[in-house]
1. Could you state the principal axis extents of the C-alpha atoms in the range 91-230, from the largest down, to the nearest angstrom?
2. Below 8 Å, C-alpha to C-alpha, sequence gap of six or more: please give me the relative contact order for the chain in percent.
3. Could you work out the relative contact order of the range 201-256? I mean the mean sequence separation of Cα pairs under 8 Å and 6+ apart, divided by the number of residues, in percent.
4. Report which label in (1) 13.2; (2) 11.7; (3) 15.9 holds the value of mean projected area of the Cα convex hull in nm² derived from the coordinates of this structure.
5. In the chain, what % of DSSP beta bridges are antiparallel (nearest 5)?
6. On average, how much accessible surface per residue is there in the chain, in Å², for a 1.4 Å probe, leaving out ligands, DNA and RNA?
7. Using θ = phi - 60° and the Karplus curve 6.51 cos²θ - 1.76 cosθ + 1.60, what whole-Hz ³J(HN,Hα) does each residue of the range 61-78 get, with Gly and Pro shown as x?
8. Toward the positive end of the charge dipole of the chain, about the Cα centre and with charges on Cβ (Lys, Arg +1; Asp, Glu -1), which of V28, L231, A72 goes farthest?
Amino acid sequence: MTKKVLLVGESWVSSATHYKGFDQFGSVTFHLGAEPLVKALEGSEYELTYMPAHEAVEKFPFDMAGLDAYDAIILSDIGSNSLLLPPTVWLQSKTVPNRLKLIKAWVEKGGGLLMVGGYFSFQGIDGKARWRHTPVEDVLPVTCLPYDDRVEMPEGSTPVVVDPEHPIVTGLDGEWPLLLGVNEVQLRERSDVKLLARLPDDQGGHPLLVLGKHGEGRTVAWTSDIGPHWLSPAFCEWEGYGRLWKNILGWMTETR
């Protein structure tokens with residue numbers, strides 16, 4: 001049975017100014033950051049819709065029927081403002097449904113939500129992602145810090161699997177490839193919350209992969225990236241990469 005997955009975010013625009021002696025010119029580059037995941041899910045039972053961050057501002061559903069078209073939603077490297085401030089609100093001062101409240105209600109009635117780490121995930125760089133104290137944070141198995149939550153590890157970090165018997169990490173034996181960073185979060189103290197993987201003790205022991213439930217839905221926090229820069233090329237090329245994401249999506253949508 002095909003499961004429909006909506007990936008929201010993982011795009012950005014870079015602007016540069018180039019100086020060559022007296023002369024200078026500018027350039028703009030558009031980037032997509034989820035190519036490893038898109039490739040890993042090709043031909044699988046998961047039908048992925050990739051909605052870049054700039055499109056999500058206006059195209060992310062404003063009603064429950066729109067969300068009900070999907071079995072799982074992945075929020076990856078997109079700040080809360082992108083869903084809170086569409087042009088109708090920001091430029092025209094008109095009201096629209098609060099899409100963060102809509103996501104919470106959708107999870108409560110059985111949707112599967114995954115937040116993936118990044119500079120605009122959880123609380124993010126300089127605290128600008130601003131998911132703390134939002135309805136979306138309410139459903140996650142972790143809480144966000146009130147400030148810049150990045151943990152940069154240029155030396156690399158090897159994940160520690162806490163529960164190797166869990167179905168999500170089935171078949172992922174041996175040492176996992178290196179990570180280069182995570183968002184620091186705090187585990188919720190609830191019986192449904194389960195920590196599957198974390199950083200080593202000498203790098204803070206921060207949560208990496210956490211599962212939880214909210215209402216009838218299931219939620220997951222993966223505090224590192226989908227691809228570079230926080231995932232090393234070796235992680236993206238690892239034979240377990242695709243299996244990990246498919247296992248996560250399988251657990252999230254098991255009851256759908």
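The values are calculated or read from the model by the stated rules, or taken from the named source; none is laboratory data. All figures in this text were calculated on a predicted structure; none of them were measured in a lab. Note: ideal-geometry Cβ built from the backbone for every residue, glycine included; neighbour counts use all protein chains shown. Areas reflect the complete protein model, heavy atoms only, side chains present, ligands, DNA and RNA absent. Shrake-Rupley method; radii C 1.70, N 1.55, O 1.52, S 1.80 Å.
1. So the extents along the principal axes, rounded to whole Å, are 52, 33, 25.
2. Reported as a whole number, the value is 19 percent.
3. Reported as a whole number, the value is 25 percent.
4. Answer by label: (3).
5. Just about 60 percent of them are antiparallel.
6. 47
7. x, 9, 9, 5, 4, x, 6, 5, 6, 10, 8, 9, 10, 10, 9, 9, 6, 9
8. A72
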